[in-house]
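A.B. asks: The structure under discussion is supplied below as structure tokens; questions concerning it will follow.
None of the figures in this text is laboratory data; all of them are computed from the coordinates on show. All values derive from a computational prediction rather than experimental measurement. In this analysis, Cβ positions are derived from the backbone assuming ideal geometry, glycine residues included, and neighbour counts consider all displayed protein chains.
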Amino acid sequence: MSKIKKILIGTNNKGKYREISYLLPKKIKKFETGFFNLSSPEENGKSFKENSYIKASYFSKKTNMICLADDSGLEVDLLEGEPGIYSSRWGGKKNNFNIAIKKVLKKMNKFKDNWDNINSARFICCMTIFWPNGKSYSSSGSVEGTISKSKKGKNGFGYDPIFIPNGYNKTFGEMNPKLKMSIDHRFKAYLKIKKFFI
Ligand code: ITT
């Protein structure tokens with residue numbers, strides 16, 4: 001199997017792009033969707049896996065490059081798994097995370113009495129690599145944690161300021177980004193596809 005030497009990172013989310021590029025070996029040549037002026041396809045899949053496949057195949061077919069796409073999100077047990085695959089949409093058309101975070105905290109506050117009892121949540125990530133010959137490979141990873149009662153920290157992106165991974169007392173937003181990227185859902189999904197690169 002020949003190793004991948006250059007890849008299109010199929011995301012229009014800057015935070016994700018930064019983290020995926022950090023995970024990939026330095027010597028791999030990385031391309032952004034912006035380089036090809038591509039906007040995202042409609043994500044009408046029913047799972048993280050389906051949506052990551054939709055993105056990876058779409059961007060690969062548009063560019064004839066091997067593409068790595070990620071579909072990810074936050075599942076909160078008290079909210080019966082919401083926002084889940086709609087994590088990005090909770091931020092509205094402009095993907096505003098202050099709005100998305102407020103929505104989570106507001107919904108959780110409705111169940112205030114249960115928050116401490118049922119405070120479990122997880123980030124999930126599914127990555128798909130799609131090759132121009134139609135071959136694809138998907139992997140997923142997750143990280144368990146709890147939801148902080150208020151926003152903390154300015155690092156990372158998305159829901160990072162309210163997610164406290166199990167075993168730590170800081171949110172991903174407060175944590176050193178390198179530490180986050182060595183324990184999170186994206187890192188765990190990446191470990192299973194690493195073999196295609198090194
Ligand atoms: P692309 O589809 O262009 O990749 P997107 O932001 O729309 O960008 P998703 O549909 O996969 O991507 O939505 C994932 C959302 O889940 C993302 O916008 C964040 O709100 C959240 N999320 C995923 N991983 C996260 C992480 O590591 N830290 C914080 N929030 C994360």
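A.B. asks: Would you mind checking the tilt of helix 48-63 against the longest principal axis of the Cα atoms of the chain, expressed as 0 to 90 degrees and rounded to 10?
C.D. replies: Approximately 30 degrees, to the nearest 10.
A.B. asks: May I pose another question? Lys135 to Lys26: extension gain in nm, 0.36 nm per residue of separation minus the Cα-Cα distance?
C.D. replies: Values: separation 109, 0.36 × 109 = 39.24 nm, distance 2.44 nm.
Fully extending the segment from Lys135 to Lys26 adds 36.8 nm.
A.B. asks: Sort 30-38, 85-93, 170-178, 69-77 by the packing proxy (mean of other Cβ within 10 Å over each peptide's residues), most packed first. Intermediate results must be reported in sequence, preceding the final value.
C.D. replies: On the way: 30-38: 14.0, 85-93: 16.7, 170-178: 18.6, 69-77: 24.4.
The densest-packed peptide leads the list: 69-77, 170-178, 85-93, 30-38.
A.B. asks: What is the mean projected area of the alpha carbon convex hull for segment 120-198, to one decimal in square nanometres? Spell out each step's value before the answer.
C.D. replies: Values: hull surface 23.7 nm².
Mean projected area for segment 120-198: 5.9 nm², to one decimal.
A.B. asks: Okay, next question. Of Tyr168, Tyr137, Tyr53, which is the most mobile in a GNM of the chain whose springs link Cα atoms less than 10 angstrom apart?
C.D. replies: So, out of Tyr168, Tyr137, Tyr53, the one fluctuating most is Tyr168.
A.B. asks: Here is a further query. Using Cα-Cα distances under 8 Å and only pairs 6 or more residues apart, what relative contact order does segment 129-171 have, in percent?
C.D. replies: Working: 41 pairs, mean separation 13.4, N = 43.
Result for segment 129-171 is 31 percent.
A.B. asks: Pick from Leu78, Leu68, Leu179: which is most flexible by mean-square fluctuation in a GNM of the chain where alpha carbon atoms under 10 Å apart are linked?
C.D. replies: Of Leu78, Leu68, Leu179, the Gaussian network model singles out Leu179 as fluctuating most.
A.B. asks: May I ask you to list the lysines whose Cα is less than 16 Å away from that of Lys151, ignoring any residue fewer than eight positions away on the same chain?
C.D. replies: Within reach: Lys102, Lys103, Lys106, Lys107, Lys170.
A.B. asks: Pairing the Cα long axis of helix 14-23 with the longest principal axis of the chain, what angle in degrees results, from 0 to 90 and rounded to the nearest 10?
C.D. replies: The angle comes out near 70 degrees.
A.B. asks: How high is the relative contact order of segment 1-88, given as a whole-number percent (alpha carbon pairs under 8 Å, six or more residues apart)?
C.D. replies: Values: 116 pairs, mean separation 24.8, N = 88.
Rounded, it is 28 percent for segment 1-88.
A.B. asks: What nm distance separates the two modelled labels at Tyr168 and Ser120, each placed 7 Å from Cα along Cα→Cβ?
C.D. replies: Spacing of the two 7 Å Cα→Cβ label points: 2.0 nm.
A.B. asks: Pairs of alpha-carbon atoms within less than 8 angstrom and 6+ residues apart define the contacts here; what relative contact order does the chain have, in percent? Write out the running numbers ahead of the final one.
C.D. replies: Values: 388 pairs, mean separation 39.6, N = 198.
For the chain, the relative contact order is 20 percent.
A.B. asks: Specify the residue with the greatest mean-square fluctuation among Phe48, Phe111, Phe123, computed from a Gaussian network of the chain linking alpha-carbon atoms under 10 Å apart.
C.D. replies: Comparing Phe48, Phe111, Phe123 in the GNM, the peak value goes to Phe111.
A.B. asks: Could you give the distance between the Cα centres of segment 134-198 and segment 44-113, to the whole Å?
C.D. replies: 14
A.B. asks: If I fit a long axis through the Cα atoms of helix 97-109 and take the longest principal axis of the Cα atoms of the chain, what angle between them do I get, 0 to 90°, rounded to 10?
C.D. replies: 40
A.B. asks: What translational D, rounded to a whole number of µm²/s, comes out for the chain from Stokes-Einstein when the hydrodynamic radius is the Kirkwood one over Cα pairs, at 20 °C and 1.002 mPa s?
C.D. replies: On the way: Rh = 17.2 Å.
For the chosen part, D equals 125 µm²/s.
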